[in-house]
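*Asks:* This structure is in structure tokens; I'll ask about it shortly.
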Amino acid sequence: MSNNNTGIDRRIRKSKLALKDSLISLMQHKDFREISITDIVERADLNRGTFYKHYQYKEELLEEVMEDVIADLILSYREPYKNVETFTINELTASVIKIFEHVANYANIYTLILKSNAWPKLLERICNELKKLPLEDLEDYRPNPKINKELASSYQAYAILGMIIEWVNTGFTYSADYMAEQLLEIINNKSVHAVFKINHTFKQE
């Protein structure tokens, strides 16, 4: 009986994945409002009955795709500290930073979000998750007692999101590993005592 259920579960996952991939593929070329359930099932090589076994409306399918992205984002963000009691930034290695692997795995979706204004709510949710995760997960998220932790969390979230946006807009020029290494270098770069030479060319304008 358990083997039977396993087989059924596998078929369900396979069908759902095909429908999700179909929707994402269609959204590369068409506005969501213009996509029909027939379009989705034909691209997925499934019948309408299979669609209605899992979803009532195409909006439900879209919502599940969004939930998949958010769930994987959370897992990837938590990867560096999922099995430890304490978390030290200075001991962090690029190999445990998985957020860019997450973006690469969902490259089509991130490209849609940023280049075609699809799923504006999803971009907002991603940003909100990046802001709240350190506040929820790290008990003493206070890099400096003078710093407002909510503002510090927002600063970090938008910094990571900025790197993601740049990466997507450049067509994923760099590898996920390189992006992780760069993030780590940026985090560890202490600019408090840095001295910068001013480029005075801007004064000529």
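The values are calculated or read from the model by the stated rules, or taken from the named source; none is laboratory data. On a predicted model such as this, the values are computed, not experimentally measured, just so you know. Positions of Cβ are generated from backbone atoms using ideal geometry, with glycine treated the same way; all protein chains shown enter the neighbour counts. Ligands, DNA and RNA are stripped out before the accessible areas are found, and what is left, the full protein with its side chains, is counted by its heavy atoms. Shrake-Rupley method; radii C 1.70, N 1.55, O 1.52, S 1.80 Å.
*Asks:* Please state the relative contact order of region 8-162 as a whole percent: Cα pairs under 8 Å, 6+ residues apart? Could the numbers behind the result be given before it?
*Replies:* Values: 92 pairs, mean separation 25.4, N = 155.
Worked out over region 8-162, it gives 16 percent.
*Asks:* Also, quick follow-up: Work out from phi, with θ = phi - 60° and the Karplus expression 6.51 cos²θ - 1.76 cosθ + 1.60, the ³J(HN,Hα) of each residue of region 180-185, listed in order in whole Hz, and give x for Gly and Pro.
*Replies:* 5, 4, 5, 4, 5, 4
*Asks:* What's the longest uninterrupted piece of the chain once you rule out the trypsin sites (Lys or Arg not before Pro) that are loop residues per DSSP with at most 13 other Cβ within 10 Å? Show your work: numbers first, answer last.
*Replies:* On the way: sites that count: Lys30, Lys82, Lys146, Lys190, Lys197.
In the chain, the maximal stretch lacking such sites is 83-145.
*Asks:* While we're looking at this one, here's another question. Using a ≥ b ≥ c from the Cα gyration tensor of region 21-66 (square roots of the eigenvalues), is it rounded, prolate or oblate, where a/c under 1.5 gives rounded and otherwise the larger of a/b and b/c decides, a/b for prolate? Kindly include the intermediate steps, with their values, before the conclusion.
*Replies:* Working: a/c = 1.72, a/b = 1.24, b/c = 1.39.
Because a/c hits 1.5 or more and a/b fails to exceed b/c, region 21-66 counts as oblate.
*Asks:* Using +1 at the Cβ of each Lys and Arg and -1 at the Cβ of each Asp and Glu in region 107-171, identify which of Ala107, Trp119, Ala152 lies farthest towards the dipole's positive end.
*Replies:* Trp119
*Asks:* Tabulate in residue order the Karplus-calculated ³J(HN,Hα) for region 20-28, using 6.51 cos²θ - 1.76 cosθ + 1.60 with θ = phi - 60°, rounded to whole Hz; enter x for Gly and Pro.
*Replies:* Once θ is set to phi - 60°, the couplings for region 20-28 become 5, 4, 4, 4, 4, 5, 5, 6, 5 Hz.
*Asks:* Still on this model: If you place +1 on the Cβ of every Lys and Arg and -1 on the Cβ of every Asp and Glu, how big does the dipole about the Cα centre of the chain come out, in debye to the nearest 20? Show your work: numbers first, answer last.
*Replies:* Details: 26 positive and 30 negative charges, 43 e Å.
The dipole magnitude comes to about 200 debye.
*Asks:* Identify which of Val168, Val103, Val41 has the largest mean-square fluctuation in a Gaussian network model of the chain, with springs joining Cα atoms closer than 10 Å.
*Replies:* Val41
*Asks:* Note the listed values (i) 0.96; (ii) 1.17; (iii) 1.27, then indicate which one is Cα Rg over 2.2 N^0.38 Å calculated from this particular structure.
*Replies:* The calculated read-out lines up with (iii).
*Asks:* Excluding ligands, DNA and RNA, what is the solvent-accessible area per residue of the chain at a probe of 1.4 Å, expressed in Å²? Before the final figure, lay out the partial values.
*Replies:* Details: 13760 Å² over 205 residues.
Value for the chain: 67 Å² per residue.
*Asks:* Still on this structure, please answer the following. Could you identify which residue out of Leu114, Leu133, Leu151 has the top mean-square fluctuation in a GNM of the chain using Cα springs shorter than 10 Å?
*Replies:* Leu151
*Asks:* Let me ask another. Please list, in order along region 57-70, the HN-Hα scalar couplings obtained from phi with the Karplus expression 6.51 cos²θ - 1.76 cosθ + 1.60 (θ = phi - 60°), rounded to whole Hz, x for Gly and Pro.
*Replies:* Those phi angles translate into 10, 5, 4, 5, 5, 4, 4, 5, 4, 4, 5, 4, 5, 5 Hz.
*Asks:* I would also like to ask the following. What length, rounded to one decimal in nm, is gained on full extension from Arg10 through to Tyr52, with 0.36 nm per residue of separation minus their alpha-carbon distance?
*Replies:* Details: separation 42, 0.36 × 42 = 15.12 nm, distance 1.75 nm.
Gain in length upon complete extension: 13.4 nm.
*Asks:* Rounded to the nearest 500 deg cm²/dmol, what is the calculated helix-only ellipticity per residue at 222 nm for the chain, with -39500 (n - 2.57) per DSSP H run of length n ≥ 4? Show your work: numbers first, answer last.
*Replies:* Numbers: 9 runs with 130 residues, N = 205.
The helix-only estimate for the chain comes to -20500 deg cm²/dmol at 222 nm.
*Asks:* Can you bin region 1-102 into rounded, prolate or oblate? Criterion: square roots of the alpha carbon gyration tensor eigenvalues sorted a ≥ b ≥ c, rounded for a/c under 1.5, prolate for a/b above b/c, oblate for the rest. The partial results should precede the final answer.
*Replies:* Working: a/c = 3.39, a/b = 1.76, b/c = 1.93.
Here region 1-102 falls in the oblate category.
*Asks:* Moving on. Total Lys pairs in region 99-176 closer than 21 Å by alpha-carbon, pairs eight or more apart in sequence or interchain only?
*Replies:* 6
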